[in-house]
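Just below is one structure, and these are the notes that go with it.
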Amino acid sequence: MAQVIISAQHLSHKIKRDHQDVTLLRSINVDILQGEQVAITGRSGSGKSTLLGILATLDQASEGELWVCGEAAHALNEEQRAGLRQKTIGFVFQSFQLLPHLTALENVMLPLRLKAHFNYTQAEAKAIQLLDQVGLLKQKDQTPKVLSGGEQQRVAIARALVTSPQIIFADEPTGNLDEHTAKDIEKLLFDLNKDLGVTLVLVTHHLELAKRCQKHYVLHEGELKPFQREVFA
Ligand SMILES: Nc1ncnc2c1ncn2[C@@H]1O[C@H](COP(=O)(O)OP(=O)(O)OP(=O)(O)O)[C@@H](O)[C@H]1O
Ligand SMILES: [Mg+2]
């Protein structure tokens, strides 16, 4: 029986809009199991990125509990959450978010350079291994501006994986890519899920991609529900 790796219990989140409190997320309950592929879809503005950021401990919900790898993330301060994140979570953004003045290799090494027990040589070796895994070893000394969008996203995926996280969160990871390149990146994410057993939680507008995942939730009017074809067809 797979272990629960992320557990959200009664997560609610309010934001300020025109000086008014607006409830964006309403009492969300979800368990994500180790090694699972989970997709979250929903209309633009429904709160998908906000929810993903909260589940990944980048942001904190207004109310409720969030358990990450058995730790009570809701009870941690920002520094403690950063520590938990470093140990357990990798994040991939739609816009790649690579540092422009660093090479692909240096970008991938960066999370390890922040870890005290990794020296330069160890970080370099691990980053090279990951760049090889995402098929980008030849471009390791290039800076992002000379890489294509798909190549930049591969670097970003290698960077997310370099700390050996148990969970990868990806917010529209193929949103800025052409159809063909998007398919390549999708395949890479699913292969990594299969080969490394890393849990995959992704937000996407592509129903086809969402349907390939073992679980598919829809965020609608603040509530997260299992996708039901008849409701959204
Ligand atoms: N910190 C914040 N303060 C105020 N408003 C916010 C904040 N974070 C998000 N919002 C608002 O909450 C709503 C949901 O935003 P979010 O980015 O989570 O939506 P989304 O479902 O990811 O949309 P998209 O599909 O377009 O990426 C938006 O109206 C956004 O402007
Ligand atoms: Mg979004």
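Please treat every number below as a calculation from the coordinates, not as lab data. Treat the numbers as computed from the prediction; the structure is a model and nothing was measured. No Cβ is skipped: glycine too gets one built from the backbone with ideal geometry, and neighbour counts run over all protein chains shown.
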- [ ] Go ahead and run the numbers for FRET between Glu223 and Phe190, Cβ-Cβ distance against an R0 of 30 Å, rounding to 0.05.
- [x] 0.65
Task: Restraint check, Lys115/Lys140; Lys145/Lys225; Lys14/Lys215; Lys145/Lys215; Lys126/Lys183, Cα-Cα greater than 28 Å - done: Lys145/Lys225; Lys145/Lys215
- [ ] Measure nothing but the geometry: give the 0 to 90° angle between the long axis through the Cα atoms of 179-196 and the longest principal axis through the Cα atoms of the chain, rounded to 10°.
- [x] 90
Task: Theoretical gain in end-to-end length, Leu99 to Ala125 [0.36 nm per residue, Cα-Cα removed] - done: 7.4 nm
- [ ] Give, in nm to one decimal, the length gained when the segment between Leu84 and Val146 is fully stretched (0.36 nm per residue of separation minus the Cα-Cα distance).
- [x] 19.0 nm
- [ ] Calculate the spin-label point distance for Arg26 paired with His117, positioning each point 7 Å from the Cα along the beta-carbon direction, and give it in nanometres.
- [x] 4.6
Open item on the list: Name the residue from Leu110, Gln97, Ala56 whose Cα lies farthest towards the positive end of the charge dipole of the chain, charges +1 on Cβ of Lys and Arg and -1 on Cβ of Asp and Glu.
Closed with: Leu110
TODO: Sequence neighbours fewer than 8 away in the same chain don't count; with that in mind, list the aspartates and glutamates whose C-alpha is under 15 Å from Lys187.
DONE: Glu151, Glu172, Asp178, Glu179, Asp195, Glu208
TODO: Please list the non-local residues whose amide H lies under 5 Å from the amide H of Leu33, H modeled 1.01 Å from N, same-chain partners needing a gap of 5 or more.
DONE: Ile5
